[in-house]
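Engineer: Next up is a structure, given as structure tokens.
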Amino acid sequence: MGTKWVPRLLLSLFLLVPATAWSIEIHGRSSTQLEWFNNDFNDQRQVEIGQYLRFSLTDIDKEGKLSFFGYGRFNQDLNNGEGFNARLYYLYGEYRNLFDKVDIRLGRQFVNYAAGTAIIDGGQVGLKNIGPVAFSAAFGRNVIFDLDGEGGHGGDLALALSAYLYGFRSTDLEISWFRKWDQWDVARDTIGATFKQNLFNNLKLYGNTRFDLASETFNEVLGGVKYFPISNLVLTGEYYQSYPTFDATSFYSVFAVDLYQEAVFRADYTINEMISLNAGYTSQWFGEGGRGHIYHIGCGLRPIEPLLINLEYDNNQGYNGKTNGFLADVYYDVTKTLQLAGGMGYDVYTRDVVLSDGTARLFWLGCKYRLAKNMTASLRIEDNSNERYHNDVQGRFVFNYDF
């Protein structure tokens with residue numbers, strides 16, 4: 001299908017606007033970007049200009065139930081022979097509260113369920129206000145992007161069904177099923193659940209899990225707790241495990257993989273308006289008895305109102321070597337409309353005990369200027385130096401217009 005139908009759909013959509021223009025609200029952002037970087041596929045410098053557009057049309061009808069949303073971009077390579085490339089991420093119409101119970105979306109859209117996510121060309125229907133449980137279903141063509149645009153085939157489909165709690169202020173719970181087809185063959189068959197619970201105004205419990213029916217294994221499990229003993233202190237504990245699974249139609253599905261697990265402990269403390277601190281520890285378990293330990297400490301400093309300094313240090317030890325690295329970023333508001341920024345990163349790493357230490361360095365400068373209430377321009381230039389590149393200068397200029 002590609003993107004040839006996109007201009008026709010956009011034209012048809014906007015031809016409908018004048019009939020009810022007295023009530024329509026049109027909002028969005030146009031972002032024009034120029035970027036230059038090293039193309040890792042052919043090891044040549046590349047310069048691209050891109051245009052991103054996000055918009056919403058609301059208040060089309062008197063009840064405000066009908067809306068349209070869209071987001072896409074196109075890029076033109078100026079010097080490296082890759083030419084023109086376009087992607088439409090979503091473009092759909094939404095009608096909410098039909099009979100005060102049904103929400104309907106039609107078009108290209110991103111669907112996100114506990115059991116799986118996809119971009120589809122199709123529809124999503126939600127049923128609510130029928131009790132403590134609501135329902136949702138989505139079905140359509142599974143949209144697959146490759147380097148040159150869309151790379152899907154006939155028979156690439158996605159289906160999702162879910163039930164979730166509705167109307168509870170402190171509790172979220174969803175159970176869902178997700179299936180994906182690759183050229184009519186079942187590629188994914190997953191059930192999932194997500195949960196959040198707020199307790200006593202200072203405790204939050206949460207968790208997510210996905211179970212792959214084809215391999216009969218949990219391919220993802222997350223459980224966590226956040227505790228707020230005082231208003232300016234957050235304590236976080238998480239457990240996460242991942243068992244990689246591939247599409248049943250993929251060549252990689254025949255390879256053996258290892259279970260990965262990690263436990264995270266973190267504290268974030270705001271002393272006052274000038275100083276904030278954070279620290280954390282991550283314990284990792286890899287396959288075949290491999291272990292890893294990550295220690296992190298950071299702080300945010302605002303010695304004067306226009307100046308913000310962020311400092312971070314990480315120490316990684318164990319499986320496959322060790323690293324030591326720090327980041328330093330500085331932001332300074334020269335005026336209400338102009339911000340200057342800069343930073344650096346420095347890492348020392350050993351990937352194998354028989355190799356000497358390697359280093360990776362990053363330096364960057366940036367600025368952001370507000371030309372008007374709805375227009376901003378920003379520039380960032382960075383230089384990377386590591387074992388692969390002695391100097392790798394890349395940058396991006398962005399002009400945003402909000403409407």
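Engineer: For a quick check of your reading of the filter: which chymotrypsin sites (Phe, Trp or Tyr not before Pro) in the range 60-132 sit in a DSSP loop and have no more than 14 other Cβ atoms within 10 Å?
Structural biologist: Qualifying residues, ordered by number: Phe99.
Engineer: Picking from Ala118, Tyr95, Phe228, whose Cα lies most toward the positive end of the charge dipole for the chain (charges on Cβ: Lys, Arg +1; Asp, Glu -1)?
Structural biologist: Sorting the options by dipole projection puts first Tyr95.
Engineer: Tell me, in nm to one decimal, what length is gained between Phe200 and Leu259 on full extension, where the rule is 0.36 nm per residue of separation less the Cα-Cα distance?
Structural biologist: Net length gain for the segment: 17.7 nm.
Engineer: Now, a different point. Over the chain, what is the mean sequence separation of C-alpha contacts under 8 Å (at least six apart), divided by residue count, expressed as relative contact order in percent?
Structural biologist: Value for the chain: 9 percent.
Engineer: Work out from phi, with θ = phi - 60° and the Karplus expression 6.51 cos²θ - 1.76 cosθ + 1.60, the ³J(HN,Hα) of each residue of the range 307-319, listed in order in whole Hz, and give x for Gly and Pro.
Structural biologist: Computed from phi, the couplings for the range 307-319 are 10, 10, 10, 10, 10, 9, 9, 10, 10, 10, 10, x, 4 Hz.
Engineer: So which of Lys128/Lys196; Lys128/Lys204; Lys128/Lys226; Lys226/Lys368; Lys204/Lys336; Lys65/Lys196 end up more than 27 Å apart by C-alpha?
Structural biologist: Lys128/Lys226; Lys226/Lys368; Lys204/Lys336; Lys65/Lys196
Engineer: Using only the Cα atoms of the range 242-353, each taken as one equal point scatterer with no solvent, compute I(q) by the Debye sum, divide by I(0), and report log10 of the ratio at q = 0.13, 0.15, 0.21, 0.24 Å⁻¹.
Structural biologist: With no solvent term, the Cα-only Debye profile gives -0.72, -0.83, -1.12, -1.26.
Engineer: Treat each spin label as a single point 7 Å out from the Cα along the C-beta direction, and report the Thr171 to Val221 distance in nm.
Structural biologist: Each label point is offset 7 Å from its Cα along the Cβ direction, giving 2.3 nm.
Engineer: Per the helix-only calculation at 222 nm, which mean residue ellipticity applies to the chain, given -39500 (n - 2.57) for every DSSP H run of n ≥ 4 and division by its residues, nearest 500 deg cm²/dmol?
Structural biologist: -1000 deg cm²/dmol
Engineer: Tell me, what is the per residue accessible area of the chain in Å², probe radius 1.4 Å?
Structural biologist: Each residue of the chain exposes 59 Å² on average to a 1.4 Å probe.
Engineer: Follow-up. Once you list every other residue whose beta carbon is under 12 Å from the beta carbon of Ser136, what net charge do they have if Lys and Arg are +1 and Asp and Glu are -1?
Structural biologist: 0
Engineer: Further question: From the phi angles alone, apply the Karplus equation (6.51, -1.76, 1.60; θ = phi - 60°) to the range 206-214 and give each ³J(HN,Hα) in whole Hz, x where the residue is Gly or Pro.
Structural biologist: 8, x, 9, 8, 9, 10, 8, 6, 5
Engineer: Given the C-alpha centroids of the range 140-189 and the range 257-284, what is the distance between them in whole angstrom?
Structural biologist: 32
Engineer: If the cut-off is 13 Å between C-alpha atoms, which aspartates and glutamates fall inside it for Lys180, apart from same-chain ones fewer than 8 positions away?
Structural biologist: Within reach: Asp156, Asp189, Asp212, Asp247.
Engineer: Something else now. Out of the total accessible area of the chain (probe 1.4 Å, heavy atoms of protein only), what percent is carbon and sulfur?
Structural biologist: Looking at the chain in its full context, I get 60 percent from C and S.
Engineer: To the nearest whole percent, what portion of all C-alpha pairs in the range 187-244 is separated by more than 15 angstrom?
Structural biologist: So the portion of pairs separated by more than 15 Å is 55 percent.
Engineer: Right, here's the next one. Collect residues whose amide H, placed 1.01 Å from N in the peptide plane, falls under 5 Å from the amide H of Tyr319; neighbours closer than 5 in sequence don't count.
Structural biologist: Result for Tyr319 returns Arg291, Gly292, His293.
Engineer: So between Glu63 and Arg291, what do we pick up on full extension, going 0.36 nm a residue minus the alpha carbon distance?
Structural biologist: Between Glu63 and Arg291, full extension yields 76.3 nm more.
Engineer: While we're here: How big is the chain on each of its three principal axes, counting only the C-alpha atoms and giving the largest first in Å?
Structural biologist: Principal-axis extents of the chain (Cα, largest first): 64, 52, 50 Å.
Engineer: Output the relative contact order of the range 219-322, whole-number percent, from Cα pairs under 8 angstrom with separation of 6+ residues.
Structural biologist: Reported as a whole number, the value is 18 percent.
Engineer: Another one. Report the Cα centroid-to-centroid distance between the range 197-211 and the range 327-387 in angstrom, as an integer.
Structural biologist: If we compute the Cα centre of each part, the gap is 35 Å.
Engineer: Have a look at Gly126, Gly151, Gly325 and tell me which one the Gaussian network model of the chain (Cα, springs below 10 Å) gives the largest fluctuation.
Structural biologist: It is Gly151.
Engineer: ³J(HN,Hα) across the range 43-49 via Karplus (A = 6.51, B = -1.76, C = 1.60, θ = phi - 60°), whole Hz, x for Gly/Pro?
Structural biologist: Along the range 43-49, the couplings run 6, 10, 5, 9, 10, 10, 10 Hz.
Engineer: Using a 10 angstrom Cβ neighbour count of at most 11 plus a DSSP loop assignment to flag exposed trypsin sites (Lys or Arg not before Pro), which longest range of the chain is free of such sites?
Structural biologist: 170-335
Engineer: If you don't mind, there's one more thing I want to ask. Looking at the chain, identify the longest residue range that excludes and avoids all GluC sites (Glu not before Pro) in DSSP loops having at most 11 other Cβ atoms within 10 Å.
Structural biologist: 64-215
Engineer: While we're on this one: If I take R0 = 30 Å and measure r between the Cβ atoms of Thr117 and Asn39 in this structure, what FRET efficiency does the formula 1/(1 + (r/R0)^6) give, to the nearest 0.05?
Structural biologist: E between Thr117 and Asn39, to the nearest 0.05, is 0.60.
Engineer: What base-10 log of the normalised intensity I(q)/I(0) is obtained for the range 22-123 from the Debye formula, alpha carbons as equal point scatterers, at q = 0.19, 0.22 Å⁻¹?
Structural biologist: Debye intensities relative to I(0), on a log10 scale: -0.99, -1.13.
Engineer: From the Cα trace of the range 83-220, what convex hull volume per residue do you get, rounded to a whole Å³?
Structural biologist: Considering the Cα atoms of the range 83-220, their hull volume per residue is 145 Å³.
The values are calculated or read from the model by the stated rules, or taken from the named source; none is laboratory data. Note that this is a predicted model, so its numbers are computed, not measured. All Cβ positions, even for glycine, are placed from backbone atoms using ideal geometry, and neighbour counts span all protein chains on display. These accessible areas exclude ligands, DNA and RNA; they are computed on the full protein's heavy atoms, side chains included. Shrake-Rupley method; radii C 1.70, N 1.55, O 1.52, S 1.80 Å.
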